[in-house]
């Protein structure tokens with residue numbers, strides 16, 4: 001089994017390197033590209049096929065890695081939902097689907113996995129709360145799944161970021177899955193992690209660049225959040241919840257709370273919470289003067305730091321105080337970045353005024 005943990009990501013890596021060049025040519029031919037505009041940095045159309053390449057490469061790696069179909073059939077609902085979002089994302093990348101339609105599909109898929117028994121039915125002692133009433137469990141599961149899927153989609157704003165976050169998530173979840181003796185889930189994570197590393201070869205390229213597209217970010221977000229719920233459910237009777245909960249929350253915290261922060265700022269300023277702007281966490285990091293790939297690496301390191309602090313702090317602080325600590329970490333870091341952004345804005349205004357006077 002240990003050999004599978006090494007071979008599976010390697011197979012995913014190799015196949016994504018084979019798939020993406022062909023998919024890139026097809027995308028250019030059928031105009032499945034991200035076109036430049038005033039909000040975007042790139043000046044030429046970029047193919048939106050990264051998500052397809054990663055998904056198909058990971059699936060082939062899984063088919064070659066598993067010794068029995070039972071390993072995949074156990075998680076078929078998660079993979080099926082991810083594939084549906086992949087297809088919807090491809091269509092959206094091509095023709096721009098209505099936001100309400102995309103939300104309805106996400107809600108239906110969240111309901112689908114809940115009906116299959118994948119649900120948040122307990123808070124595992126957080127704030128002293130354990131088992132949840134059925135209706136509370138249903139609403140919380142639906143909100144968490146759709147919220148995280150959209151949070152991952154919104155994080156896909158600079159080169160390497162969504163892939164880096166997904167790689168960190170899958171590697172961290174692989175450790176948690178192995179900890180609770182769920183080797184099938186770990187193999188799925190490693191297959192996608194290997195394919196995502198291969199995707200970065202093209203996402204960070206100057207001459208053969210491809211983007212993940214909504215297809216990739218939506219599908220990956222779905223796998224990340226549904227597998228997080230599965231990990232918590234699987235570890236319920238293992239005595240490892242003190243590590244699993246901070247680990248899962250540590251991975252999801254930055255994209256989720258950044259989305260909430262941005263929505264709050266937009267509403268406070270009288271704008272629609274869904275109106276696009278440049279106030280996301282990655283935009284704030286870019287204002288430090290970092291290039292895209294280094295900004296992405298910086299954000300991924302922050303996520304890893306939050307994850308590590310969560311894993312190490314629980315034994316000393318307990319679950320509730322550990323989660324409060326992680327939230328404070330996010331608030332402090334984002335506040336520092338926001339302060340830097342405000343200072344840059346004031347500097348630009350003063351320089352504009354000085355130029356106007358001269």
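None of the figures in this text is laboratory data; all of them are computed from the coordinates on show. Bear in mind that the values here come from a model prediction, so they are computed numbers and not experimental data. When we count neighbours, we look across all protein chains shown, and the Cβ atoms used for this are built from the backbone with ideal geometry, even at glycine.
Taking springs between alpha-carbon atoms closer than 10 angstrom, which of 28, 302, 229 fluctuates most in the Gaussian network model of the chain?
28
At what distance in nm do the modelled label points of residue 352 and residue 264 sit from each other, each positioned 7 Å from its Cα along Cα→Cβ?
2.7 nm
Based on the Cα atoms of the stretch 264-303, what semi-axes does the equivalent ellipsoid have, where each is the square root of 5 times one gyration tensor eigenvalue, given in whole Å with the largest first? Present the calculation step by step, with values, prior to reporting the outcome.
Numbers: eigenvalues 122, 20, 11 Å².
Working from the Cα gyration tensor, I get semi-axes of 25, 10, 8 Å.
Calculated from DSSP H runs of 4 or more alone, at -39500 (n - 2.57) each and per residue, what is the 222 nm mean residue ellipticity of the chain, nearest 500?
On the way: 13 runs with 270 residues, N = 358.
Calculated at 222 nm, the ellipticity per residue is -26000 deg cm²/dmol.
Rounded to the nearest whole Å³, what is the per residue volume of the convex hull around the Cα atoms of the stretch 293-358?
Dividing the Cα hull volume of the stretch 293-358 by its residue count gives 74 Å³.
Given the options 119, 271, 236, which has the most mean-square fluctuation in a GNM of the chain, springs set between C-alpha atoms less than 10 angstrom apart?
271
Please tell me the relative contact order of the chain in percent, rounded to the nearest whole number, where contacts are Cα pairs under 8 Å and at least six residues apart.
Values: 482 pairs, mean separation 80.1, N = 358.
With pairs under 8 Å counted, the relative contact order is 22 percent.
If you take the square roots of the eigenvalues of the alpha-carbon gyration tensor of the stretch 174-296 and sort them as a ≥ b ≥ c, do you get rounded (a/c under 1.5), prolate (a/b over b/c) or oblate? Before the final figure, lay out the partial values.
Numbers: a/c = 2.35, a/b = 1.36, b/c = 1.73.
Here the stretch 174-296 falls in the oblate category.
Using only the Cα atoms of the stretch 51-137, build the gyration tensor, take square roots of its eigenvalues as a ≥ b ≥ c, and label the shape rounded, prolate or oblate: rounded if a/c is under 1.5, else prolate if a/b is larger than b/c, else oblate.
Numbers: a/c = 2.74, a/b = 1.26, b/c = 2.18.
It comes out oblate by the Cα gyration axes.
Once you treat every alpha carbon in the chain as an equal point and sum by Debye, what is log10 I(q)/I(0) at q = 0.07, 0.11 Å⁻¹?
-0.30, -0.75
If you wrap a convex hull around the Cα atoms of the stretch 243-288, how much volume per residue is inside, in Å³? Please list the in-between numbers first.
Working: hull volume 3.7 nm³, N = 46.
Residue-normalised Cα hull volume stands at 80 Å³.
Full extension from residue 64 to residue 237: what is 0.36 nm times the residue separation minus their Cα-Cα distance, to one decimal in nm?
Details: separation 173, 0.36 × 173 = 62.28 nm, distance 3.12 nm.
Here the segment from residue 64 to residue 237 would lengthen by 59.2 nm.
Can you tell which of 201, 347, 264 shows the greatest fluctuation in a Gaussian network model of the chain with Cα springs below 10 Å?
Taking springs between Cα atoms under 10 Å, the residue moving most is 347.
I need the shape label for the stretch 189-247. Rule: rounded when a/c is under 1.5, else prolate if a/b > b/c, else oblate, with a, b, c from the alpha carbon gyration tensor. List each step's numbers first, then the result.
Values: a/c = 3.92, a/b = 2.71, b/c = 1.45.
Since a/c reaches 1.5 and a/b is larger than b/c, the shape of the stretch 189-247 is classed as prolate.
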